[in-house]
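The values are calculated or read from the model by the stated rules, or taken from the named source; none is laboratory data. The structure presented is a predicted model; accordingly, all values stated were derived computationally and were not measured. Positions of Cβ are generated from backbone atoms using ideal geometry, with glycine treated the same way; all protein chains shown enter the neighbour counts. Please note that ligands, DNA and RNA were not included when accessible areas were found on the heavy atoms of the full protein model with its side chains. Shrake-Rupley method; radii C 1.70, N 1.55, O 1.52, S 1.80 Å.
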Amino acid sequence: MGQASLVIRNGRIVDGTGAEGYQGDLAIEDGKIVAVGRYEGKGASEIDAKGMVVAPGFIDIHTHYDPQICWDRLATPSLEHGVTTVVMGNCSLSLAPVRPNEKVKLIRMFEKIEDIKEATFDLAVPFTWESFGDYLDHIRPGLGINVGALVGHSAIRYYVMGPDSQERVATDAEIERMSELMEEAMAAGAIGLSTSYVDIDEDGRPVPSRLADMREKIALCKAMAKSGRGVLQTVPYFIDIEKQLENIEELGDLSLASGVVCSVAPITYNPVSPDNWKRSIAKLEEQQKRGAKVYGQSMPRSFDINIILSETSFMLYSVRKWDMIMKKPLPERLAGFADPDARPMLVEAAEKRIMPLLRNMTVGRVYSSANEKYLGRKLTEISAEVGKSVADVMLDIAVADGLRTEFQIRGAIHADPEIVSFILDHPLVQIGGSDAGAHVTQFCGAGDTSDMLERYVRGYGKMTVERAVHRMTGELASSWGLRDRGTLEPGQAADVVIFDPATISRGEEIFVGDFPGGANRYIRHATGIDKVIVNGEVVLDKGRYTDARAGTIV
């Protein structure tokens, strides 16, 4: 028996297939797994994993790291939660293909839909590429994490049709050109295509993908299928359950016409419309019976969110008077929310549109001494105490803090563990929908993998560790065409996470200013993750990043 570059000893091997875990060793050489079970040879480096689970690196199929990966090749903090592969380019948005003089359109769609600010793009996203392959070549050097990249339908459509992409269906020639670009992107390393049935741009108009007809969608799906793999990801028209069900039915048609896997995100439980998740799953089951491959995505995390009026908030888009003020530079924004003449209209608009949110809001972080007494208290409580409406109280507190107050909404949506555990365990719902890399001043999407193991495995006992690991690794790798990873088997890529099942935790959200230009975001630091290994190299060791950069485009 020769010497492996790295041997992990004495761990509980949970191999990503769903099989029962067992005590054993795992040996790695040249970035590949060479032995699992018992390894008699020695390792140039050895890790004692006694008391730990040794599992395949987790896969996050729904992120928006497309801009961040340009300056942060580690896609922080996802690696800290055991994620070794991220799929980005979701919801019809990617950063290529793009013409240099049309980058502003992509930037503004990203800003509107994913809350990634234009100033951040200007500072750190160089747009030195045009084709999708050129973009992958730009991000490939120095990757510390594996990246699966979807081609955004809105991006490819705008590239071919320009402003007309938001006005009309495509001609046959335009569809042919989009299909050629799709084939080229797949050949360059793309993992599939993403589209959207619901999103709007910076002017409130449907994004380009929403103007596509079935001719175009089928053609693009067939173009990606020529590569031998391909997933079509979409976000449905979740505002209206009937339309969402129609979207799922259409995905079934697309799958049957092209053979591709379709993925719809998210499937969540909302107590305001308590049966919608059941109807969505029933529709997924209908597609399966037809022979289509259509899956939902859902996450263990409840839809908790923070609203900070000095940042951005998609929760306020529906309150037009507030949204107009939110678009202004900070000094004007503060003046707008502080204006006593405008206050009655602002209060009325908020209470008409977002009263359920206001009732669930708690005061989080504050900055002025006058607001310290409100820390941790519900707005409804403060409202009753001071004799003002809830929206009025919110604005008073925010203005006193220069709009920097953190207002927290917790446990309102997707929070019932009995229902959520049923969704998470359903065979037609995949673990996804984290949105990591997007909406970073409202929540931290990274951490769902740790949350799954912390709450649904250890806390609630709703799932075995073997089942949870399989759902976040082997199952996703198989469905998404990641054939060389997702399981701990000889010959597979050595993406590995070593964690303590008794202590793993996603950690608390922390608000930091570490984005380019000092921009803010929420992050989480996991606990209980001992090591994260990407393609045979230890990238994270007891919470600290190493110098290893072994990630690749998958």
Next item on the list: Would you calculate, for the chain, the mean residue ellipticity at 222 nm contributed by helices, counting each DSSP H stretch of 4 or more residues as -39,500 (n - 2.57) and dividing by all residues, to the nearest 500?
Entry: -9500 deg cm²/dmol
Check: With the other protein chains left in place, how much accessible area per residue, in square angstrom, belongs to the chain at a 1.4 angstrom probe?
Finding: 37 Å²
Margin query: Between 0 and 90 degrees, rounded to the nearest ten: what's the tilt of helix 103-114 against the longest Cα principal axis of the chain?
Written below: 80 degrees
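On the accessible surface of region 237-312, probed at 1.4 Å, how many percent belong to carbon and sulfur atoms? Walk me through the numbers before you get to the answer.
On the way: 1430 of 2930 Å².
Whole-percent figure for carbon plus sulfur exposure: 49.
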Notebook entry, point to check: How big is Rg to Rh over region 264-372, alpha-carbon atoms, Rh as the Kirkwood inverse-mean-distance radius?
Noted result: 1.12
Check: Expressed as a whole percentage, what fraction of the accessible surface of region 408-554 belongs to carbon and sulfur atoms when a 1.4 Å probe is rolled over the protein heavy atoms?
Finding: 48 percent
Check: Measuring from centroid to centroid over Cα atoms, what is the spacing of region 60-108 and region 178-200 in Å?
Finding: 14 Å
Next item on the list: Would you mind checking the tilt of helix 172-188 against the longest principal axis of the Cα atoms of the chain, expressed as 0 to 90 degrees and rounded to 10?
Entry: 50 degrees
Next item on the list: Check cross-link reach from LYS289 to the lysines: straight Cα distance under 23 Å, and skip same-chain residues fewer than eight apart.
Entry: LYS217, LYS222, LYS243, LYS278
Item checked: Under 14 Å from the Cα of LYS42 - aspartates and glutamates, other chains or at least 8 residues apart -> ASP25, GLU29
Next item on the list: State the dimensionless ratio Rg/Rh of region 418-554 (Rg: radius of gyration of Cα atoms; Rh: Kirkwood radius).
Entry: 0.96
Next item on the list: Report the local net charge at TYR367: Lys and Arg +1, Asp and Glu -1, summed over other residues whose C-beta lies under 12 Å from its C-beta.
Entry: -1
Next item on the list: Take region 195-266, drop everything but the C-alpha atoms, weight them equally and run the Debye formula without solvent; then report log10 I(q)/I(0) at 0.12, 0.14 Å⁻¹ to two decimals.
Entry: -0.31, -0.43
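State the percent of C-alpha pairs, over all pairs in the chain, separated by a distance greater than 35 angstrom.
Details: 56247 of 153181 pairs.
Value for the chain: 37 percent of Cα pairs lie more than 35 Å apart.
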Next item on the list: Calculate what fraction, in whole %, of the accessible area of region 8-69 sits on carbon and sulfur atoms when a 1.4 Å probe is rolled over the protein chains.
Entry: 44 percent
Item checked: Links that overshoot a 22 Å alpha carbon limit, given the list LYS327/LYS378; LYS293/LYS462; LYS462/LYS542; LYS112/LYS327; LYS117/LYS388 -> LYS327/LYS378; LYS293/LYS462; LYS462/LYS542; LYS117/LYS388
Item checked: Two-decimal Rg to Rh for region 346-444 - Kirkwood Rh, Cα set -> 1.08
Margin query: Taking the 0 to 90 degree range and rounding to the nearest ten, how far is the long axis of helix 241-258 tilted relative to the main principal axis of the chain, both from C-alpha atoms?
Written below: 30 degrees
